[in-house]
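Everything on this sheet refers to the single structure shown next.
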Amino acid sequence: MIAVDAMGGDFAPKVAVQGAYNAVMVASSKMAVTLYGHQEVIEQILDECDKYWRALPIKIVDCREVVGMGDEPTKDLLRKKDSSLFCAIQAVAEQKAQAVVSAGNSGAALVAGIMVLGRVPGLARPALGTFLPTKKNPVFVIDVGANTDCKAEYLRQFALMGYLFVQQTTACSQPRVALLSNGEEPYKGSQSVKQAYDLLENSTSLNFIGNIEAREIFNGEVDVLVCDGFVGNIVLKSVQGTAQALFDWMKLAYASSWYGKIVGLLSKSLLKPLKDKIDYKQTGGALLLGLNDPLIVAHGCSNAKAIENAILFAHSVVQKQIIKKFNASLTEQLVDQSITITAVRDLDLSFEMRSS
């Protein structure tokens with residue numbers, strides 16, 4: 001059972017409900033979903049999709065409150081215990097569902113995930129991770145939006161999570177880990193990035209290769225890219241925006257002359273795989289790694305196709321027990337290689353002495 005926050009997102013509830021219905025149809029009734037939100041509105045949308053939807057494995061749980069995109073994550077979430085987001089996540093905690101999907105307020109999803117689902121013991125902050133295409137194999141970027149301000153220890157743990165996730169979900173046995181910075185040199189970057197460099201350089205369990213600049217992300221020389229959520233989110237949306245702009249410019253160029261229209265028509269089938277490769281709707285959402293149960297955060301601007309793919313992704317995560325296996329490895333690593341608060345303070349002091 002996949003719990004869906006039907007009221008979350010810029011275009012909810014219509015796209016969330018349509019996406020859930022489409023996902024169930026694609027899965028050929030092998031997957032069940034529960035939609036959390038205003039029951040009468042959800043039923044109306046489902047009726048428009050298919051008047052026989054009640055025969056499908058789709059349930060509705062009526063929730064009268066909504067955590068808006070502009071709401072303050074902690075305060076408004078606690079005040080709205082009957083919100084679709086909170087109830088959907090609560091369902092997973094109570095084992096009424098195995099995973100939750102939301103395109104709503106990502107900050108509130110993070111807070112609710114920590115409060116209700118709980119973190120892996122020893123983990124400071126969960127982080128959103130997703131794959132981006134490169135010239136070679138995809139690079140796993142972590143964090144892409146959950147934590148805007150990060151300490152060096154958070155970045156170290158993000159690197160560990162990314163390393164383990166890539167190791168377990170791809171054929172790469174020794175993922176190359178890099179920090180995103182404004183230069184390759186160890187002394188480049190913010191204070192937290194420079195401190196994280198020292199932590200990762202001294203780690204014996206990670207294949208840390210140093211800093212890389214943003215222009216090198218897509219060369220395919222890195223398997224895990226580590227950054228704080230503020231920078232990661234900007235990278236993600238900049239890539240998506242730039243890709244869309246390039247395709248728009250190409251359309252304008254093709255439309256400017258008769259031979260351009262012919263070239264555009266001939267190249268359409270060649271460009272479609274490339275467009276799909278960089279289209280966020282094909283991925284659907286990002287996993288919030290570090291929680292005890294699967295929580296997939298989709299883009300706030302998701303359409304029905306993106307929600308459909310996010311739900312199918314959640315189903316795949318559950319079927320393959322990805323989070324269960326990942327959390328077991330992460331717990332073991334955090335116990336074996338954790339850095340205590342005292343050690344972090346010593347590192348801060350050492351860094352300040354070198355800088356003075």
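Condition check: in a helix (DSSP H, G or I), of a type in the set (Ser, Thr, Tyr) and modelled with pLDDT of 90 or more. Does Ser316 satisfy that? Working first, answer last.
Details: in a helix (DSSP H, G or I): yes; of a type in the set (Ser, Thr, Tyr): yes; modelled with pLDDT of 90 or more: yes.
Yes; evaluated as a whole, the condition is true for this residue.
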Residue among Tyr187, Tyr197 that is of a type in the set (Phe, Trp, Tyr) and surrounded by 14 or more Cβ atoms within 10 Å (Cβ to Cβ): Tyr197
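With touching a Pro at 6+ places or on another chain (Cβ under 9 Å) and closer than 23 Å to Lys320 by Cβ as the only criterion, which of Val100, Val41 stands out?
Of Val100, Val41, the one residue that is touching a Pro at 6+ places or on another chain (Cβ under 9 Å) and closer than 23 Å to Lys320 by Cβ is Val100.
If we only count strands (runs of 3 or more DSSP E) wholly inside region 1-106, which ones have 2 or more residues that are more than 21 Å from Gly118 (Cβ to Cβ) and in contact with a helix residue (DSSP H, G or I) (Cβ under 8 Å, 6 or more places away or on another chain)? Write out each step before concluding.
On the way: elements: 2-5, 33-37, 58-62, 99-102.
It comes to 33-37, 58-62.
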The lone exception for Leu164 - which of (1) under 18 Å from Asp293 (Cα atoms); (2) surrounded by fewer than 24 Cβ atoms within 10 Å (Cβ to Cβ); (3) at pLDDT below 95 it fails: (3)
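Can you tell me how many residues within region 139-181 are assigned to a loop (DSSP other than H, G, I, E, B), small (Gly, Ala, Ser) and touching a Pro at 6+ places or on another chain (Cβ under 9 Å)?
Going through region 139-181, the residues assigned to a loop (DSSP other than H, G, I, E, B) turn out to be 143-151, 170-175, 181.
Subset that is small (Gly, Ala, Ser): 145-146, 171, 173, 181.
Still in the list and also touching a Pro at 6+ places or on another chain (Cβ under 9 Å): 146.
Residues in region 139-181 being assigned to a loop (DSSP other than H, G, I, E, B), small (Gly, Ala, Ser) and touching a Pro at 6+ places or on another chain (Cβ under 9 Å): 1 in total.
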Residue match in region 93-106 (condition: out of contact with any strand residue (DSSP E or B) (no Cβ under 8 Å at 6 or more places or on another chain), in contact (Cβ under 8 Å) with a residue 12 or more places away in the chain and buried (at least 21 other Cβ atoms within 10 Å of the Cβ)): yes
Residue list for region 115-138, filter: part of a helix (DSSP H, G or I) and touching a strand residue (DSSP E or B) at 6+ places or on another chain (Cβ under 7 Å): Leu117
Exclusive hit being within 25 Å of Ala124 (Cα to Cα) and β-branched (Val, Ile, Thr), set Thr169, Thr242: Thr169
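Between Val235, Val222, which is touching a strand residue (DSSP E or B) at 6+ places or on another chain (Cβ under 7 Å), touching a residue at least 60 places away in the same chain (Cβ under 8 Å), assigned to a loop (DSSP other than H, G, I, E, B) and buried (at least 16 other Cβ atoms within 10 Å of the Cβ)?
Details: Val235 fails: assigned to a loop (DSSP other than H, G, I, E, B).
Residue meeting the stated conditions: Val222.
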Tally, over region 22-53, of residues that are within 20 Å of Ser84 (Cα to Cα) and among the charged types (D, E, K, R): 2
Test: residue in region 49-64 that is aromatic (Phe, Trp, Tyr), in the same structural domain as Ala298 (by TED's automatic domain parsing) and under 26 Å from Ile323 (Cβ atoms): no
Residue within region 264-272 that is modelled with pLDDT of 65 or more, surrounded by 22 or more Cβ atoms within 10 Å (Cβ to Cβ) and over 22 Å from Thr242 (Cβ atoms) present: no
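The values are calculated or read from the model by the stated rules, or taken from the named source; none is laboratory data. Fair warning: this is a prediction, and the values are worked out from it, not measured in the lab. In this analysis, Cβ positions are derived from the backbone assuming ideal geometry, glycine residues included, and neighbour counts consider all displayed protein chains.
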